[in-house]
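First up is the structure itself, then whatever we jot down about it.
What follows draws every value from the coordinates through simple rules; no lab data is involved. The shown structure was predicted, so the numbers you read here are calculated from the model rather than taken from an experiment. No Cβ is skipped: glycine too gets one built from the backbone with ideal geometry, and neighbour counts run over all protein chains shown.
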Amino acid sequence: MMRDHCNYRYSIHKEYHEGLIDELRDIMNEIETNGYLGNRQNIQGQMTEWFVGHFKKQDARLHSKLGH
């Protein structure tokens, strides 16, 4: 849908999602290497920041472009 209606932003939007996947892999590697070490709040903070920021900035643009 995004490629059909917002092609000019598709690659940028996709990069944001790939960045999240990279961050999740880094977190998983850190946990595997050093254990959990009570990093729950740090991980929650990172994920909350990413999703809230992404929805407010990137997804809001998509919704406005699609007329939702």
Which whole-Hz couplings ³J(HN,Hα) result when phi for each residue of region 28-33 is put into the Karplus expression 6.51 cos²θ - 1.76 cosθ + 1.60, θ = phi - 60°, listed in order with x for Gly and Pro?
4, 5, 4, 5, 5, 7
Residue 36 versus residue 58: modelled label distance in nm, points set 7 Å from Cα along the beta carbon direction:
2.8
Rounded to 0.05, the calculated FRET efficiency for the beta carbons of residue 29 and residue 3 at R₀ = 25 Å is 0.20
If all Cα-Cα distances of the chain are sorted into 10 Å bins from 0 onward, what percent lands in each bin, rounded to whole numbers?
18, 40, 24, 14, 3
Chain lengthening between residue 50 and residue 12 when straightened (0.36 nm per residue, less Cα-Cα)
12.2 nm
What is the sum of charges, Lys and Arg at +1 and Asp and Glu at -1, for the other residues whose Cβ falls under 14 Å from the Cβ of residue 2?
+2
